[in-house]
Amino acid sequence: MSREESPFVRAPAEEEDYNLVHRAFLQAFHTHSVLTLDEMKSILAYVMTAYNPERPWTEGDVTQPYIISTIQTINAKIEAFDYEIRSTRDQQSKESIYALVNNASDAVTQLATTFSANEIAYVRRVLDRMFETNNTNIREVMAVKHTEASQLARPSRRNRQSQAASRQSQINGDAEDSQASADTGISIAEADLVLETLVNQAFFQKSKAGYYSLAPRALMELRAYLKETYNEPADENEDGREVIRIRDCEGCREIVTFGIRYEETGNALGVRRSVREMYSWESERLGQAAIGAARRIGKKTTRKRNKGVGRRPMTLKTRYP
């Protein structure tokens with residue numbers, strides 16, 4: 001979902017004032033990485049009661065329209081600082097998740113307040129492994145095992161050779177990025193600490209099987225970065241072929257990292273598992289475009305196999321009539 005389509009983005013009406021309620025609610029997002037709908041209702045009920053003790057609020061008094069209006073007013077205030085409260089639905093639990101995210105195009109650099117330059121370079125290597133190495137037409141895993149993540153603590157030999165050439169360019173006066181050339185890697189213990197911190201910040205999530213993948217907060221915050229970094233337009237490839245590694249769900253229009261890809265020659269339709277389970281394919285609520293594509297692709301792939309998306313991707317046979 002684009003920022004313009006978000007229900008949480010609009011200019012506040014003149015009679016709406018950014019007051020202590022909004023400040024306290026925004027502070028809750030600063031102290032919590034993510035908030036669920038129930039958690040927000042509890043916080044707002046507490047804040048409203050403190051704001052006006054003569055009129056105590058319960059969680060039942062906090063309606064969805066009130067939450068949307070409150071978030072809209074806050075977003076109008078913090079937009080100038082490249083921040084925004086966004087929401088998404090967890091791809092597995094289906095629960096609505098809200099987070100305060102940075103709208104900067106290269107949001108990974110915002111981690112500089114927490115990590116060193118070498119640690120940020122490590123995070124980029126992990127993302128490359130997730131969305132390039134572990135994201136192919138055969139296996140769209142988009143996650144890394146702990147052992148893989150440990151191996152990425154230090155740059156590969158090829159990268160080190162590239163950095164050596166870059167340092168030589170600096171000597172010759174042709175340097176463009178001295179910080180990139182200084183990436184000497186980190187220890188495995190430091191890499192483990194980075195991963196643990198990212199999980200605690202709700203940026204990464206770790207499965208019981210030991211796979212690290214992007215958490216809902218990261219998918220919201222890194223949406224633009226992921227598409228700009230890993231999707232390749234046709235005019236940027238030598239063979240003139242477009243490469244799409246980051247796909248949107250045809251139902252909810254959010255990035256798919258855990259779902260199913262229905263495909264035919266030259267086409268692919270990504271659907272989140274939570275969306276697939278929530279709606280029947282005959283339901284109009286998925287939208288005519290998605291339904292039409294699903295039916296069309298499904299009929300043409302009845303005898304083919306559809307690919308799972310996410311860790312431990314499964315292969316499922318099409319069940320369309």
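In the range 78-91, is there at least one residue being touching a Phe, Trp or Tyr at 6+ places or on another chain (Cβ under 8 Å), part of a loop (DSSP other than H, G, I, E, B) and either more than 21 Å from A202 (Cα to Cα) or outside the structural domain of T184 (by TED's automatic domain parsing) (or both)?
At the first step, the residues of the range 78-91 found to be touching a Phe, Trp or Tyr at 6+ places or on another chain (Cβ under 8 Å) are 84-87, 91.
Okay, now just the ones that are also part of a loop (DSSP other than H, G, I, E, B), so 91.
Checking which are either more than 21 Å from A202 (Cα to Cα) or outside the structural domain of T184 (by TED's automatic domain parsing) (or both) leaves us with 91.
Checked against the condition, which is being touching a Phe, Trp or Tyr at 6+ places or on another chain (Cβ under 8 Å), part of a loop (DSSP other than H, G, I, E, B) and either more than 21 Å from A202 (Cα to Cα) or outside the structural domain of T184 (by TED's automatic domain parsing) (or both), the range 78-91 yields at least one hit.
Quick check: anything in the range 16-27 hydrophobic (A, V, I, L, M, F, W, C), out of contact with any Cys (no Cβ under 8 Å at 6 or more places or on another chain) and either not in a helix (DSSP H, G or I) or not assigned by TED's automatic domain parsing to the domain that holds K94 (or both)? Quick ask: steps written out before the conclusion?
To start, the set of residues in the range 16-27 that are hydrophobic (A, V, I, L, M, F, W, C) comprises 20-21, 24-26.
Retained after the next criterion (residues that are out of contact with any Cys (no Cβ under 8 Å at 6 or more places or on another chain)): 20-21, 24-26.
After this cut, where a residue has to be either not in a helix (DSSP H, G or I) or not assigned by TED's automatic domain parsing to the domain that holds K94 (or both) as well, the list is none.
Checked against the condition, which is being hydrophobic (A, V, I, L, M, F, W, C), out of contact with any Cys (no Cβ under 8 Å at 6 or more places or on another chain) and either not in a helix (DSSP H, G or I) or not assigned by TED's automatic domain parsing to the domain that holds K94 (or both), the range 16-27 yields no hits at all.
The values are calculated or read from the model by the stated rules, or taken from the named source; none is laboratory data. Quick caveat, the model's predicted, so the values are computed rather than measured. Because the Cβ atoms are built from the backbone with ideal geometry, glycine has one as well, and the counts that use them run over all protein chains shown.
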